[in-house]
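Peer 1: Got a structure for you, questions after.
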Amino acid sequence: MQAERKYVFFVLFAAILWGTTGTAQTFAPESADPVAIGAVRSAVGGLALLIYVAFRGKLYLRGWSLLHVTVAAVGMAAYQPLFFSAVSVTGVAVGTVIAIGSAPILAGLLEWVIKGNVPERKWWFATILAIAGCLLLFSNEQELSLSLAGILMALGAGLSFAIYAIMSKRLLERHSFEAVAAVVFSLSALCLMPVLFVYDLSWLLEPNGIAIACHLGLITTAVAYLLFSQGLTGVPAATGVSLSLAEPLTAAMLGVLVVGEMLTPAAWLGAGLLFAGLRLLSFSRGMQHQDERTSFLKRLCQKRKLF
């Protein structure tokens, strides 16, 4: 059954908000470390989500699967330091392309292996088209640095986000999207709490530091992940992760319009391919049918109540 357009738009809007992260960080104080920014972002976002669901009377502790919640929270908590570390080691272009580009493929493979849901050919074509566009988009970078450690960390970031999306999708079968976002991000923030005691946070005392923390925590985390969770209620996890490729497209356009960056013809071609891939994904069913070859693993997971 074709996914309803509104759920696709929820995910796309979330990705657009995520795409403002890089531009916003360019206005952060020079003393602000990217890893510390990620930890503060999670803390502010998690607290905001908790207050929101408590105010709406949707905060409850019963009926949660400890395994699913823990894996989702750890996946999201691991994503931030892995991504920022990968970018610092191997550069923005390589780190971003590998992390964001690998996440949809890994999500599709995980759903295939664990749940037996086979991605349709249209999903594969659209996802690969979008990833190719992402590669061309970041070809605009003049200096590329290849590092095995950086590549592995970027792949780890992609896997972490894929796991977060799949576990959140599982939690959404029993809980509201608001509650799932709040619980997962609150625990994720707790996982990253030690980071707040390691890095210098004096930049939060500066006006632009407070503004950046509020924007990243409230807009790109609380609001964005509420939208993403709501979108996952109507689209497969793999499709949701693929649609998140709208993030680098947004970041590139903001770089041109706000920061004054220039894109090469190849980068503009990449933007067009990325947009075309997202357009196709909007009309993709995502998962086509059950694969009997993976049914044993699926039954085993269901028997042990893993997924």
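Peer 1: Could you check the simple spin-label distance between S31 and R121, using points 7 Å along Cα→Cβ, in nm with one decimal?
Peer 2: Each label point lies 7 Å from its Cα, and together they span 5.9 nm.
Peer 1: Also: Report the residue, chosen from A54, A15, A72, that carries the largest GNM mean-square fluctuation when the chain is represented by alpha-carbon nodes joined by springs under 10 Å.
Peer 2: Evaluated over the chain, the most mobile residue of the options is A54.
Peer 1: Using alpha carbon centroids, what distance separates the stretch 186-253 and the stretch 102-134, in Å?
Peer 2: 23 Å
Peer 1: Excluding same-chain pairs closer than 8 in sequence, count the lysine pairs in the chain whose Cα atoms lie under 28 Å apart.
Peer 2: The result is 15.
Peer 1: Now, a different point. Rank the residues F55, F161 as a footprinting-exposure proxy: fewest other Cβ atoms within 10 Å of their Cβ go first.
Peer 2: Going from least to most buried by this count: F55, F161.
Peer 1: Counting only C-alpha contacts under 8 Å and six or more residues apart, can you give the relative contact order of the chain as a whole percent?
Peer 2: 42 percent
Peer 1: Continuing with the same structure: What list do you get for W124, W18 if you sort them by fewest beta carbons within 10 Å?
Peer 2: W124, W18
Peer 1: Tell me, what HN-Hα J-couplings in whole Hz come from the Karplus equation 6.51 cos²θ - 1.76 cosθ + 1.60 at θ = phi - 60° for each residue of the stretch 73-89, using x for Gly and Pro?
Peer 2: 5, 5, x, 5, 5, 6, 4, 5, x, 5, 5, 5, 5, 4, 5, 5, 8
Peer 1: Give the long-range amide H neighbours of E261: residues separated by 5 or more places, or on another chain, with amide H under 5 Å away, using H modelled in the peptide plane at 1.01 Å from N.
Peer 2: Excluding prolines and chain starts, which carry no amide H, the hits are V256.
Peer 1: Can I ask one more? What's the exposure ranking of C214, C191, C134, going from fewest to most Cβ atoms within 10 Å?
Peer 2: The most exposed by this proxy come first: C214, C191, C134.
Peer 1: Out of L12, L274, L110, whose Cα points farthest toward the positive end of the dipole of the chain (charges: +1 Lys, Arg; -1 Asp, Glu; placed on Cβ)?
Peer 2: The one lying farthest along the dipole's positive direction is L110.
Peer 1: Here is a follow-up. Go through the stretch 16-21 residue by residue and turn each phi into a ³J(HN,Hα) via Karplus (6.51, -1.76, 1.60, θ = phi - 60°); whole Hz please, and just put x for glycine and proline.
Peer 2: 4, 5, 4, x, 7, 4
Peer 1: Within the stretch 237-274, name every residue whose backbone N is under 17 Å away from a label modeled 7 Å from Cα of A211 along the Cβ vector.
Peer 2: Within reach of a label on A211, which here means backbone N under 17 Å from a point 7 Å along Cα→Cβ, the stretch 237-274 contributes 258-260.
Throughout, read-outs are computed from the coordinates displayed, never taken from laboratory work. Everything quoted here is computed from the prediction, not taken from an experiment. Because the Cβ atoms are built from the backbone with ideal geometry, glycine has one as well, and the counts that use them run over all protein chains shown.
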